[in-house]
Amino acid sequence: MANPSTDGPTSANGTEILRRKYHTDLGDSESEFLINGTAGYIYTVLSIIVSNSVATPESFYVLMFGDGTDDADHRMSLIPMQELASREVFVFNDRFTIAGTDEIKIYGNTAGCSFDTWITYIEQRWV
């Protein structure tokens with residue numbers, strides 16, 4: 001895959017949009033795309049917020065996948081296994097960039113868990 005951060009835009013008329021995406025009730029053994037990348041796009045993540053919406057401690061983790069593949073050689077742990085107490089909120093606000101078909105997914109890891117997630121990011125389109 002061409003890397004838009006090194007190959008440059010395909011046009012000088014890109015757009016930049018502040019976006020947010022949320023999911024509710026992420027459960028045990030479920031995963032959700034926080035970002036499912038598209039070729040020709042660059043995403044700058046501003047924050048990821050995860051809330052435990054049940055009355056018991058629960059665990060989650062977040063992985064990034066390069067080039068849109070679930071292959072172990074192309075993934076890295078962005079947020080390792082994190083346990084949240086009842087009704088606790090976790091905030092990740094380190095800025096980083098992904099590009100093209102890269103993906104970010106969150107996984108619930110405890111039976112009966114229920115997480116709500118919120119991600120904010122800047123989407124730059126160069127197509």
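Coordinate-derived values only; no laboratory data. All of these numbers come straight from a predicted model, not from anything done at the bench. Every residue, glycine among them, receives a Cβ derived from its backbone with ideal geometry; neighbour counts consider all protein chains shown.
Residues that are over 11 Å from S51 (Cβ atoms), of a type outside the set (D, E, K, R) and without any contact (Cβ under 8 Å) to a residue 60 or more places away in the chain were ranked within region 87-103; the one that is surrounded by the most Cβ atoms within 10 Å (Cβ to Cβ) is F92. Yes or no: S77 free of Cβ contacts under 8 Å to residues at least 24 places away in the same chain, in contact with a strand residue (DSSP E or B) (Cβ under 7 Å, 6 or more places away or on another chain), among the small types (G, A, S) and under 30 Å from T15 (Cα atoms)? Yes.
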